[in-house]
Amino acid sequence: MPINFGTDGWRAVISETFTFHNLRMVTQAIADAVASEGWLNGIKIEPEPDPNLMIVGFDTRFLSDRYAKEAARVLAANGFQVMLCQADAPTPVISFTVKNKNAIGGIMITASHNAPRYNGVKLKAAYGGSALPELCRKVEVYLNDNESQGRGPNLIDYDVAREKGLITRFNPLPDYQEHIRKLIDFDIIAENPQYVVVDSMYGSGRGVIKGLLEGTGCEVLEIRNEMNPGFGGVHPEPIGSYLSALSGAICLGKGSIGLATDGDADRLGAMDERGVFVDPHKIMALSLRYLAENRKLKGSVVRTVSTTRMIDLLAKRYGLTVHETPVGFNHIADYMLTEPVLIGGEESGGISFLGHIPEGDGILMGLLLVEIVAAAGVPLSELVTELLDDVGPANYSRLDQRLKRPVAKQKMVNKLITEAPEKIGGVRVAEVSTKDGVKYILEDNSWLLIRPSGTEPVLRVYAEGRTEEMVQALLAYGESIAASVT
């Protein structure tokens, strides 16, 4: 059974590998791992979590509600008290609930931003974030052992479990909303109400931002908020190419700021009043500047290796330490669990800040962006222009380059290191970083990151340059690397 946990759980194609049987087996392995001695691997959590309580949530994908019931049945049969969501809910809401309810862990049925044919399992730990890699490895050990020993999952009838009180249904939103109201200044928003278009992309973030903005005077139009497990035929990922509906609504005068959340609302994309996409690099940079200058908050700054270096320039101005991590929010969470982190984020749109759980949250960051615009009293496009004049210019792009044949990941990394160029686009390469893949950092602060995939013959190429011409030169170099593999 080819099941492996990645940086944020297990995902597979529905009815191929993601089946009810395989889900039950994975849930049994989770139950075994969570019940094992030393599950939290020495991580100190106050107060100590209830070792018998698990939270289960699900998104809007095909059969997600049914899959969640099956996971709850397996957990209940293993002696856990299970709190199962009444309806679809965002991943950050479930993660917050795990911490807020003092549970030992949680399961979220979702494939996040992946194509509609996928579903998946995200494993949440007691601290309110994704389970760390070492915890996921424990699950894999139990999964493989159970399979080799022919041990099937424990199961209990759903209605019997309900009657015995082993499974209870609940609404996680009220407690989450109360928490968010402590992190967002809704009075500032109410003083300068905005015209907001929210694109839920048919995901489980539907209704949440609109509900939280009620009473602020904001006029909120929500689009793509109905149940549609096919997601309208597009990936529920908040990137410019999938947000034509949001751009169209803004261009028709329906709003002056657009917010888009992905399939499970842990990522954010935005659009200004002209319908121009505002990427997560700019959202994170604007948020850092606002939190440091307007709120006078302190703490370290954590960004992934593929995130803009505008963050570094701002952090230096405010005297804040910057930590660079490999791609994946779980690496950011490592820092959030051990020190005060002002803001942490990645280029895909997963961002969180001080006072919140160690998890990306598109709802929280969307509301913060509305607060930022309301406080500034100018359109989002003007804020972005000011930002780029201040710590830019920063032009960004990424692409995936398919190789003609598979190449071992480490072999490709070694090739990129030993054959590092002296210059790209006429600018000298000042530094070579191997934090995650290979990153060439140029003298003018432009950079090129090449990350070989460990599962398919693909190079993931990321580039940020001072000019669009430099970005194209960086991408062209990445393409030449891919073409050199014959």
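The values are calculated or read from the model by the stated rules, or taken from the named source; none is laboratory data. Predicted model only: the values in this text are computed from it and were never measured. Because the Cβ atoms are built from the backbone with ideal geometry, glycine has one as well, and the counts that use them run over all protein chains shown. Quick note on the areas: whole protein, heavy atoms, side chains included, nothing else; ligands and nucleic acids left out. Shrake-Rupley method; radii C 1.70, N 1.55, O 1.52, S 1.80 Å.
Values computed for the structure shown
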read-out	value
Residues of the stretch 432-462 classified as at pLDDT 95 or above, closer than 22 Å to Val407 by Cα and aliphatic (A, V, I, L, M), total	6
Residue list for the stretch 343-360, filter: in a strand (DSSP E or B) and under 19 Å from Val305 (Cβ atoms)	Ile343, Gly344, Gly345, Ile351, Ser352
Filter result (open to solvent by less than 10 Å² (accessible area, probe 1.4 Å) and in contact with a Ser or Thr (Cβ under 8 Å, 6 or more places away or on another chain)) within the stretch 75-84	Leu75, Val82, Leu84
Selection from the stretch 85-124 of residues that are open to solvent by less than 10 Å² (accessible area, probe 1.4 Å) and over 23 Å from Phe20 (Cα atoms)	Pro92, Val93, Ser95, Thr97, Val98, Ala103
Members of the stretch 176-216 found to be of a type outside the set (S, T, N, Q), surrounded by fewer than 15 Cβ atoms within 10 Å (Cβ to Cβ) and touching a residue at least 24 places away in the same chain (Cβ under 8 Å), listed by number	Arg181, Lys182, Ala190, Glu191, Gly211, Gly215
Output for the stretch 313-335, where each listed residue is surrounded by 18 or more Cβ atoms within 10 Å (Cβ to Cβ), in a helix (DSSP H, G or I) and more than 15 Å from the chain's Cα centre (by Cα)	Leu314, Ala315, Tyr335
Residue within the stretch 183-200 that is more than 26 Å from Leu354 (Cβ to Cβ), outside any strand (DSSP E or B) and touching a Phe, Trp or Tyr at 6+ places or on another chain (Cβ under 7 Å) present	no
Qualifying residue in the stretch 219-229 (condition: touching a Lys or Arg at 6+ places or on another chain (Cβ under 8 Å), of a type in the set (Asp, Glu), without any contact (Cβ under 8 Å) to a residue 60 or more places away in the chain and open to solvent by less than 40 Å² (accessible area, probe 1.4 Å))	yes
Which listed residue, of Leu213, Leu173, is among the hydrophobic types (A, V, I, L, M, F, W, C) and more than 30 Å from Glu46 (Cα to Cα)	Leu213
Pick from the stretch 1-40, criterion among the aliphatic types (A, V, I, L, M) and part of a loop (DSSP other than H, G, I, E, B), ranking: most open to solvent (accessible area, probe 1.4 Å)	Met1
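Every residue, every condition in (1) open to solvent by 10 Å² or more (accessible area, probe 1.4 Å); (2) touching a residue at least 40 places away in the same chain (Cβ under 8 Å); (3) not β-branched (Val, Ile, Thr), yes or no:
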{"position": "Lys254", "(1), (2), (3)": "yes, yes, yes"}
{"position": "Thr261", "(1), (2), (3)": "no, yes, no"}
{"position": "Asp264", "(1), (2), (3)": "no, yes, yes"}
{"position": "Asp272", "(1), (2), (3)": "no, yes, yes"}
